[in-house]
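Only one structure is covered here, and it is reproduced in the block below.
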Amino acid sequence: MTDEHTYGTLYVVATPIGNLEDITLRALRILGSVDLIAAEDTRHTRKLLSYHHVDGPLISYHEHNEQERTPQLIRQLLDGRSLAVVSNAGTPSVSDPGYRLIQAAVQAGIRVVPIPGAAAAITALSGAGLPTDSFIFVGFLPKKKKRRTDQLLKLAEEPRTLIFYESPQRVGALIDELAEIFGDRPAVLGREMTKVHEEFLRGNLAELSADLKRRASVRGECTLLIGGRQRGPAQITTAVTGKIQKALSTSGKRLSEVVKEIAADTGLSRSKVYEEALKMKKKTSNGVLSASGRPADD
């Protein structure tokens, strides 16, 4: 078996998210010395390297070819060649290609060295003005509405700051969806960060939504931060009442079962869900479910 020390090294190199000067001296040294640079977009990376007068052989490595290219790159590393992986912006594998290659390298016993630098999530968090002691990086949400809604319902009771990535074309719709499920929370939208037209929009979700609706268009990659749920009584949102209404009218289950399931799914207390379900049930003249006693609070 080949000795581990004869293997090459995989460097995970963070690159600028906008301003080309936001790259470390160590990153430039590594990019200029490795045998091969696996880049999400070779044209994009070539511009960065040219700006810093760095020369290095490039090979494309992106979401459409990473499955077939990963074994090829692992073979290069096993043969003793050094390799750097970079994405178009920020840190590889954080909502960008790279995870598959890094995982394969670790499994093969190849040394993986992170070269830290820019990351949109941390950049936005550092300038947002929301709590930073504890946060959750969500990244891009699922595109399918049901999966996206289910994930957001699970995050609705989370007390930590939430960080989302979204395209400029969809960020307005996401803000409206978050307001419906989370309620009107404090939020910050970071746009074009580190670039000439950098902008931070601060306010609550309703204010951000109104601001974006007044604009002809939204440009630039967007990072959206949402304040966590404040301690205190949990709030029943429109999305939760919709789930209750649907369960009451279509599931055929006892009210106590409906309450238990929705409470578990949303993180709300059973008593809170039960109270709301009773109110809604009283408003319907043909309710098919019957209450079987009020559940105890969680």
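The values are calculated or read from the model by the stated rules, or taken from the named source; none is laboratory data. Treat the numbers as computed from the prediction; the structure is a model and nothing was measured. Please note: Cβ atoms are built from the backbone with ideal geometry, for glycine as well, and neighbour counts cover all protein chains shown.
Annotations for the structure displayed:
- Residue check for Gly109: part of a loop (DSSP other than H, G, I, E, B), over 24 Å from Glu166 (Cα atoms) and either modelled with pLDDT of 95 or more or in contact with a Pro (Cβ under 6 Å, 6 or more places away or on another chain) (or both): yes
- In the condition set (1) over 20 Å from the mean Cα position of the chain (by Cα); (2) modelled with pLDDT under 95; (3) assigned to a loop (DSSP other than H, G, I, E, B), Pro97 is compliant with all but (1).
- Scanning the stretch 60-81 for residues that are part of a helix (DSSP H, G or I), among the basic types (Lys, Arg) and modelled with pLDDT of 95 or more turns up at least one hit.
- A residue that is surrounded by 14 or more Cβ atoms within 10 Å (Cβ to Cβ) and under 22 Å from Thr6 (Cβ atoms) occurs nowhere in the stretch 88-100.
- Filter result (of a type outside the set (Val, Ile, Thr), out of contact with any Asp or Glu (no Cβ under 7 Å at 6 or more places or on another chain) and within 16 Å of Val171 (Cα to Cα)) within the stretch 188-202: Leu189, Gly190, Met193, Phe200, Arg202
- Selected residue (only one of Val106, Val113 is more than 19 Å from Thr223 (Cβ to Cβ), out of contact with any Ser or Thr (no Cβ under 9 Å at 6 or more places or on another chain), surrounded by fewer than 15 Cβ atoms within 10 Å (Cβ to Cβ) and assigned by TED's automatic domain parsing to the domain that holds Leu36): Val106
- Check on Glu199, surrounded by fewer than 16 Cβ atoms within 10 Å (Cβ to Cβ) and acidic (Asp, Glu): yes
Yes/no matrix, rows are residues, columns are (1) at pLDDT below 90; (2) outside any helix (DSSP H, G or I); (3) closer than 30 Å to Glu275 by Cβ:
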residue: Ile175; (1), (2), (3): no, no, yes
residue: Met193; (1), (2), (3): no, yes, no
residue: Ala210; (1), (2), (3): no, no, no
residue: Ser249; (1), (2), (3): yes, no, yes
